[in-house]
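The values are calculated or read from the model by the stated rules, or taken from the named source; none is laboratory data. Remember, predicted model here, so these are calculated numbers, not experimental data. In this analysis, Cβ positions are derived from the backbone assuming ideal geometry, glycine residues included, and neighbour counts consider all displayed protein chains. In case anyone asks, the SASA skips ligands and DNA or RNA and just uses the protein heavy atoms, side chains included. Shrake-Rupley method; radii C 1.70, N 1.55, O 1.52, S 1.80 Å.
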Amino acid sequence: MKYDFTAIEKKWQERWEREKCYAAVNGSEKPKYYALVEFPYPSGDGLHVGHPRPYTALDIVARKRRMQGYNVLFPMGFDAFGLPTENYAIKNHMHLHDVTKKNIARFTSQLKMLGYSFDWDRVVDTTDPDYYKWTQWIFLQLFKNGLAYKTSMPVNWCTSCKCVLANEEVVNGVCERCGSEVIRREKSQWMLAITKYAQRLIDDLDGVDFIERVKIQQKNWIGRSTGAEVDFDTTAGDKMRIFTTRPDTLFGATYMVMSPEHALLKKWAPLLKNIDEVEAYAAAAAKKSDFERTELAKEKTGVCLDGVRAVNPVTGGEIPIFISDYVLATYGTGCIMAVPGHDDRDWDFAKVFGLPIIEVVKGGNVEEAAFTDCETGIMVNSGFLNGLSVEDAKVKIIQWLKDKGIGEPKVNFKLRDWVFSRQRYWGEPIPLVWCDKCGWVPVDESELPLRLPDVESYETTDDGESPLSAMTEWVNTICPHCGGPARRETDTMPQWAGSSWYFLRYMDPHNHDALASPEALKYWGQVDWYNGGMEHTTLHLLYSRFWHKFLYDIGVVPYSEPYAKRTSHGMILGMNPHNFDNLPEEERNALVAQYGSEKAARKYLVEKYGEMANQQIVKMSKSLGNVVNPTDVVDTYGADTLRLYIMFIGDFEKAAPWSDTAVKGCKRFLDKVWNLCEAPKPGDRPAHEASLHRTVKKVGDDIEEMKFNTAIAAMMTLVNELGEGGANRAEVNVLLRLLSPFAPHICEELWEMNGFEGLCSMQPWPEYDESKMVESEKQIAVQVGGKLKTTVVVPTDATDEQMVAAALADEKIKHIGEGMELVRSIVVKNKLVNLIFKPKA
C-alpha cells in the first residue's frame with residue numbers, strides 16, 4: 001500500500017477535531033500541564049515557515065505530556081489588533097472587521113493543516129469585544145490603583161504610521177514595524193507605571209526557569225544601577241540634582257551636562273548670552289530618537305551655557321555646564337556630572353571641547369584614555385578619600401553627602417514608564433471620559449466593553465489625533481460621576497495590551513463574569529512551558545509579567561509570575577538569490593564571462609546589491625523572493641515531513657537555513673517508516689531490545705532539552721537498524737509511540753493498520769529500563785596484520801582471551817592461519833581483535 005500522505009493527514013485531522021481529542025478539561029483529576037506558544041498576528045500573507053518551528057516544538061512537548069498522563073492545555077488564539085491590518089484595510093478599501101475575519105480563517109486553516117494538537121474550543125481573538133472587555137477592565141483597575149496616568153512628554157513619533165511608539169518599538173532610530181524615521185515631539189499620552197515594578201521584575205527572575213539570555217536581556221533593559229543623588233549649586237542660585245553610580249569620583253567632576261529639554265533652561269534664558277545657540281541645538285535634538293541620541297559611537301556635540309555655571313560640592317570650584325543630546329530629560333534627573341578621567345563618554349566629550357581631565361582613581365593614564373577599573377583602583381587627588389579603594393570611597397562619600405544634606409543613596413532604573421496610548425483606530429478604546437469638572441473619570445464597569453464605533457476613515461487626522469476624535473456623536477457623552485457633559489478618550493491602546501494577559505483567558509475563555517474564574521486560575525496555575533521569540537523579551541514578555549504582578553497584587557490571580565519556564569527559538573533563514581555561490585551554474589558562468597573573472601563578478605554583485613550580496617544565507621523576505629510557503633511544502637511532501645524537517649533543521653535555539661534537499665531526506669525517512677511498519681513480523685518481544693531502550697531514553701531526554709534534531713537522528717538510526725532484518729509488532733508499537741509527537745498523522749495510520757487499540761497519540765509514552773540498554777552481545781571486527789578480514793559476535797565485556805578465541809574460531813581466520821603461528825594479539829574491548837601471524841618454522 002502506498003504512503004498517501006494527503007489522504008492520511010486529512011483523515012486524521014478531521015477525526016481529531018470531530019472527537020475533540022485534544023480538548024483540555026478544567027478541574028480534571030489528572031495532573032495539569034500548560035504548554036503555550038505566542039499567539040500570532042494574523043497577517044494577510046498567512047503562515048510562513050518561521051511559525052511552524054516554535055509551534056511544532058511545543059506541540060511535540062504537549063503530545064508527549066498527554067502520553068505521560070497529563071491533562072494538557074495547549075491553546076491557540078490571534079493577536080489581531082494593530083497597525084498592519086489597519087494599513088492593509090486603508091490600502092485595499094476594506095472594512096477592518098472583514099480583513100481580520102478573513103485572515104484569522106486563513107491562519108486557522110493552515111494551523112489545522114499542520115496537525116497541531118491545539119484545543120480549538122479555547123480560541124481567543126483580541127479584537128472580539130467579549131475579549132477586550134477584560135483588557136479594558138484591567139486598564140480600569142490600573143487607573144483606579146494609580147498606575148495609569150496621563151502626562152505631556154517628549155514621545156517617539158513615527159512619521160509614516162503617524163502614531164506614538166514606545167521606546168521598545170524604536171529599533172536603530174527607526175520604527176520597528178515600517179522602518180520609517182522616528183522623531184521626537186511633545187504629546188499628551190497615557191502611561192502605565194511599570195517602573196514601580198522594576199525591582200520585582202528583576203528579583204523574581206531568580207524564581208523562574210527562563211533561559212539565561214532572556215534573563216540577561218530583561219535585566220539589562222530594566223537597567224538597575226545603584227549610586228547617589230547629589231545637589232550641585234549654580235551661579236544662578238538654583239540647585240542641579242544629578243544621579244551618579246560613581247559618587248567616589250566627585251573630586252574629578254570638571255563639567256556638567258544637562259538635557260536640551262531641561263526645565264531650568266527656560267528659567268535661565270534671560271541669563272544666557274548664547275540663548276539663540278542653545279535653542280537651536282535643542283530644536284535639532286528634538287528631531288532625534290532616544291536611540292540616536294544615546295548611541296555610544298556617535299559624534300559628541302553640545303553647547304556650553306554662557307552665563308550660568310555649576311559649583312562642585314566637594315571642591316567648591318566653579319565648572320561649566322553644557323547641554324548635549326546624549327542626556328535625556330526622561331532618564332534620571334535630566335542632568336549629569338562629568339568625570340572625564342574615569343568615564344569613556346565623558347573623556348571623549350572633554351577631548352572635543354578641551355575640558356580639564358583630572359585623575360582621581362590611580363591606575364591608568366587619563367591623558368590617553370579614561371581609567372574605569374573599579375576593582376584595583378585607589379583614590380587620589382580626592383581629599384579625605386585619598387588612599388581608599390573605590391568601594392570604600394563610595395560608602396564614605398555617600399555618608400559625607402548625607403551629613404551635609406546635599407545628597408543621598410539612590411537606586412535608579414533605565415526602564416521608563418510604558419507609553420500606552422496610540423492615535424489610531426484599530427485598538428481597544430480606552431474606557432475613560434474627560435469631565436471639565438471631575439477630570440478623568442472611568443466608564444462604569446457595567447458598560448464594558450466600550451466598543452469601537454464604525455468610522456468613515458481609518459486615517460490618523462492631520463494634527464496627529466485618532467480617527468475616533470472625528471466621531472463627535474461617540475466622543476460626546478455624560479460624566480459617570482457628576483452627570484455633566486464629558487468627552488471620551490479618543491486614543492486607543494497599543495497592540496501589546498491584548499497580549500499582556502491572553503494566557504489567562506485561555507483558562508476560561510467563555511466566562512462572561514470574569515476574565516477567568518478563580519477555580520480555573522488556581523487549577524491551571526502558571527504556564528508550565530512558554531516558548532517565543534527573543535525579539536519579544538523586552539516587549540511582550542516584560543509587559544505581561546508586569547500586568548500579571550499587578551493582577552496578583554489586587555487578588556485576581558493566585559501567583560506572582562505568569563510563566564514557570566521560558567525558552568526561545570532561532571529564525572529560519574533563506575538562501576540569498578544575489579550571492580554568487582547561490583546562483584545557478586549557468587548564471588555564474590555568464591557573469592564570469594562578462595566580467596572577466598569570478599572576483600570581478602562577485603564585486604559586480606556587491607556593487608549592485610550592497611554588502612548583503614556577500615552573505616549566502618539571509619532573513620527571508622518577499623523582496624528577495626526567498627520566502628517558503630508552508631502550504632506548498634505540505635502539498636508536495638506532507639505535513640509530517642514539514643514537521644519533521646523543521647525540527648531536524650538544526651539547533652532549535654539557533655538560526656538555521658532552509659534546505660529543499662534536506663526536506664526530501666525527511667520524506668524518505670517517513671517512507672522508510674511506512675515500509676518498515678506497514679506489515680511487521682509477528683512478535684511480542686523486541687528483538688532489538690537494547691537499541692529500543694536506548695532510543696526511548698534518548699528521544700525523551702532530548703525533547704525536554706529542546707534537542708529535537710538529535711532525537712530525530714536517534715529514531716533514524718533505530719529505523720535503519722530495524723530495517724536490516726525487519727521489525728516485529730512489539731518494535732513497531734514502541735517506534736510509532738516514540739515518533740507520534742513528531743509525525744502524528746503517519747503514526748496514527750500505521751497504528752490503526754496494525755490493529756493496535758485506540759489512538760496512537762493517546763497511548764502511554766514508552767518507558768525504558770536502564771538494565772536493558774546494554775546489549776548482551778557485541779559484534780567485533782577481526783583484523784589480520786591491521787587489515788579487516790571479518791567480524792564475529794562475542795558476549796558484551798568478554799575477556800581478551802574470549803575475544804581472541806572467538807576470532808580464531810572463525811572459518812575465514814582459520815583459513816588465513818593455516819601453516820601460520822600466532823605471535824601476538826591486540827585487543828580493544830568490545831571493539832576489535834588484531835591478530836599478528838608469522839609462518840611456522
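Assorted remarks:
- A single entry from Lys667, Lys672 fulfils the requirement of being of a type in the set (Lys, Arg), open to solvent by less than 40 Å² (accessible area, probe 1.4 Å) and part of a helix (DSSP H, G or I): Lys667.
- For the stretch 755-769, the criterion of being surrounded by fewer than 16 Cβ atoms within 10 Å (Cβ to Cβ), on the phi < 0 side of the Ramachandran plot, of a type in the set (D, E, K, R) and in contact (Cβ under 8 Å) with a residue 60 or more places away in the chain is met by at least one residue.
- Failed item, numbered, when Asp121 is tested on (1) within 19 Å of Glu38 (Cβ to Cβ); (2) part of a helix (DSSP H, G or I); (3) touching a residue at least 40 places away in the same chain (Cβ under 8 Å): (1)
- Members of the stretch 318-340 that are in contact with a strand residue (DSSP E or B) (Cβ under 9 Å, 6 or more places away or on another chain), closer than 19 Å to Glu299 by Cα and part of a loop (DSSP other than H, G, I, E, B): Ser324, Tyr326, Val327, Leu328, Val339, Pro340
- Residue in the stretch 391-401 that is farther than 21 Å from Gly82 by Cα, open to solvent by 10 Å² or more (accessible area, probe 1.4 Å) and touching a strand residue (DSSP E or B) at 6+ places or on another chain (Cβ under 7 Å) present: yes
The rows are residues; the columns are (1) hydroxyl-bearing (Ser, Thr, Tyr); (2) open to solvent by 60 Å² or more (accessible area, probe 1.4 Å); (3) more than 30 Å from Met191 (Cα to Cα); (4) part of a loop (DSSP other than H, G, I, E, B).
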position: Gly307; (1), (2), (3), (4): no, no, yes, no
position: Gly316; (1), (2), (3), (4): no, no, yes, yes
position: Ile358; (1), (2), (3), (4): no, yes, yes, yes
position: Glu368; (1), (2), (3), (4): no, yes, yes, yes
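Residues checked against (1) surrounded by fewer than 19 Cβ atoms within 10 Å (Cβ to Cβ); (2) of a type in the set (Ser, Thr, Tyr):
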position	(1), (2)
His95	yes, no
Lys102	yes, no
Ser117	no, yes
Tyr132	no, yes
Thr151	yes, yes
Trp190	no, no
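- Subset of the stretch 167-184 [open to solvent by 20 Å² or more (accessible area, probe 1.4 Å) and in contact with a Gly (Cβ under 8 Å, 6 or more places away or on another chain)]: Glu181
- Residue within the stretch 742-752 that is out of contact with any strand residue (DSSP E or B) (no Cβ under 9 Å at 6 or more places or on another chain), assigned to a loop (DSSP other than H, G, I, E, B) and either open to solvent by less than 20 Å² (accessible area, probe 1.4 Å) or over 20 Å from Gly700 (Cβ atoms) (or both) present: yes
- Subset of the stretch 513-524 [in contact with an Asp or Glu (Cβ under 9 Å, 6 or more places away or on another chain) and either among the aromatic types (Phe, Trp, Tyr) or open to solvent by 10 Å² or more (accessible area, probe 1.4 Å) (or both)]: Ala514, Ser517, Glu519, Trp524
- Looking only at the stretch 203-236, and only at residues there that are surrounded by fewer than 13 Cβ atoms within 10 Å (Cβ to Cβ) and charged (D, E, K, R), the one that is farthest from Trp529 (Cα to Cα): Asp203
- Meets criteria (open to solvent by less than 20 Å² (accessible area, probe 1.4 Å), assigned to a helix (DSSP H, G or I) and under 21 Å from Phe74 (Cα atoms)) for Leu541: yes
- Residue in the stretch 722-730 that is in contact (Cβ under 8 Å) with a residue 12 or more places away in the chain and crowded, with 22+ Cβ neighbours inside 10 Å present: yes
- Qualifying positions in the stretch 675-720 - charged (D, E, K, R), in a helix (DSSP H, G or I) and exposed (fewer than 15 other Cβ atoms within 10 Å of the Cβ): Asp701, Glu704
- All of Arg66, Arg106 fail the test of being in contact with a strand residue (DSSP E or B) (Cβ under 7 Å, 6 or more places away or on another chain) and not in a loop (DSSP other than H, G, I, E, B), apart from Arg66.
- Within the stretch 264-305, the set of residues being among the acidic types (Asp, Glu) and either in contact with a His (Cβ under 7 Å, 6 or more places away or on another chain) or open to solvent by less than 30 Å² (accessible area, probe 1.4 Å) (or both) comprises just one member, Asp290.
- Reported count of residues in the stretch 620-641, each being buried (at least 16 other Cβ atoms within 10 Å of the Cβ) and among the charged types (D, E, K, R), is 1.
- Arg416 vs. criteria open to solvent by 30 Å² or more (accessible area, probe 1.4 Å), under 34 Å from the mean Cα position of the chain (by Cα), within 30 Å of Thr126 (Cα to Cα) and at pLDDT below 95: yes
- Verdict on Ile816 being open to solvent by 30 Å² or more (accessible area, probe 1.4 Å) and part of a helix (DSSP H, G or I): yes
- Test: residue in the stretch 245-257 that is over 30 Å from Trp418 (Cβ atoms), open to solvent by less than 10 Å² (accessible area, probe 1.4 Å) and acidic (Asp, Glu): yes
One line per residue, one yes/no per condition, for (1) open to solvent by 10 Å² or more (accessible area, probe 1.4 Å); (2) under 25 Å from Asp59 (Cβ atoms); (3) in contact (Cβ under 8 Å) with a residue 24 or more places away in the chain:
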position	(1), (2), (3)
Asn511	yes, no, no
Gln526	yes, yes, yes
Trp547	no, no, yes
Phe550	no, no, yes
Gly555	yes, no, no
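- Residues in the stretch 138-175 that are in contact (Cβ under 8 Å) with a residue 60 or more places away in the chain and among the polar types (S, T, N, Q) were compared, and the one that is farthest from His536 (Cα to Cα) is Asn145.
- All positions within the stretch 570-606 that are within 27 Å of the chain's Cα centre (by Cα) and either open to solvent by 40 Å² or more (accessible area, probe 1.4 Å) or over 30 Å from Asp209 (Cα atoms) (or both): Met571, Gly574, Met575, Asn576
- The set of residues from the stretch 120-172 being on the phi > 0 side of the Ramachandran plot and at pLDDT 95 or above comprises just one member, Gly146.
- Output for the stretch 544-565, where each listed residue is in a helix (DSSP H, G or I) and not aliphatic (A, V, I, L, M): Ser544, Arg545, Phe546, Trp547, His548, Lys549, Phe550, Tyr552, Asp553
- Any hit, the stretch 644-664, residues being in contact with a His (Cβ under 6 Å, 6 or more places away or on another chain) and open to solvent by 20 Å² or more (accessible area, probe 1.4 Å): no
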